[in-house]
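So the structure is just underneath, and the comments pick up after that.
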Amino acid sequence: MDVILIALISAILTSALVYLDNILESIIPITLYAEQYMDTILGSSGFESIFNLAFNFGISLIVLKFLKKCFDFYVLWLDGEPDIEPISLLTNFLRATVVALSSKTLYGWIASSVSDFINDVLSALGNDLNYDWSIIINGVASLGIFTAILSLIFFICFFFLYIQFLQRGMEMLILKIALPIAAIGLLDSDKGVFGSYMKKFFQSAVTIIVQIFLCKLAIGLMINTHVFWGIAAMMLSLRTPKFIQEFMLVTGGSGMGGIYHTARTFGMIKHAIGKLK
C-alpha cells in the first residue's frame, strides 16, 4: 500500500514539474509587470489604454481641484484656509502635476530597484532560479510514505503561494494605474490620499521581496532534504502579507520625495549586499 501511495504522489509531483519551471522563471516579472502577461493572454493592449484613461482622469482632477481651491480660498474665503500663501498652493499643484506626468517613469524606477534587489538577495543566498526538481522527486520515492506526504503538502502550499503572487501582481498593477489619480492628494496640506497610497505601495513591494526570498529558501531547503524547514519557510511565505502588516509601520511620505526614498532605500540595500559578495 505504501509503495502505491508513494508512486501516486511521485506521479502527481512529476506531472507538476511542467508548470514549476515556468512559474519560477516568471515570479519576479509577473509581480511587477502583470499587465504584460495579461495582455499576452488576452491578446490585446487594453491595459495601456486603461493607464492612459487613468492618466488623463488624474490630470483633469488635479487641474479642477487646483482651480476650485483657488476660487474657494481667494474669492469665497471658504475651507478655513483663506490665508494660505498662493505660492504654497502653486507648489503643491506643480508637485502633483509632476508626479502624475512622470508616474510611468517613477513606477519603472521603483520596479527596477525592487527587481535588482531581489536578484541580489537571491544571489547572495546562493539560490538562483534554476532547480533540479528530479532531486526532490527521487528523494520522495526513496525516503518513505511520510516524506512523500510532507512533500505533497509542500507543493500544494507552493501552488497556493503562486496564486498569491498573481494577486500581488494585480495589486501592483492597480497601484501603478492609480498613481496619477492618487497624486491629487498632493494638493492638500496633509497630502491626502497620497500618503496612504505610498504606504500601501511600499508594503506591497516589501511583501513581494520577502515572499520571493522565503519561497526560494523553502525550495533550497527541500532540495537538501530539510523537509520541515522547507515547509515552515513556505508556510511563512504564505502568511507574509499579514506578517508585514503586523509590524510594519510606514509613514506616508510626501510627493516625489516619498517615491524617491522608497527606490533609494532598495538601492542602498542592494549596494550593501553587492559589497558582501
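Table for the structure above
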read-out	value
Accessible heavy-atom area order of 163, 23, 184, highest first, probe of 1.4 Å	163, 184, 23
Mean Cβ neighbour count within 10 Å, used as a protection proxy, ranking 213-221, 35-43 highest first	213-221, 35-43
Among the listed pairs 104/200; 68/176; 69/191; 68/200; 199/242; 68/199, those beyond 20 Å (Cα-Cα)	68/176; 68/200; 68/199
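The values are calculated or read from the model by the stated rules, or taken from the named source; none is laboratory data. Note that the structure is predicted; figures quoted are calculated from it, not measured. We place every Cβ from the backbone using ideal geometry, glycine too, and count neighbours over all the protein chains shown. Protein only, heavy atoms only, side chains kept; ligands, DNA and RNA dropped before computing areas. Shrake-Rupley method; radii C 1.70, N 1.55, O 1.52, S 1.80 Å.
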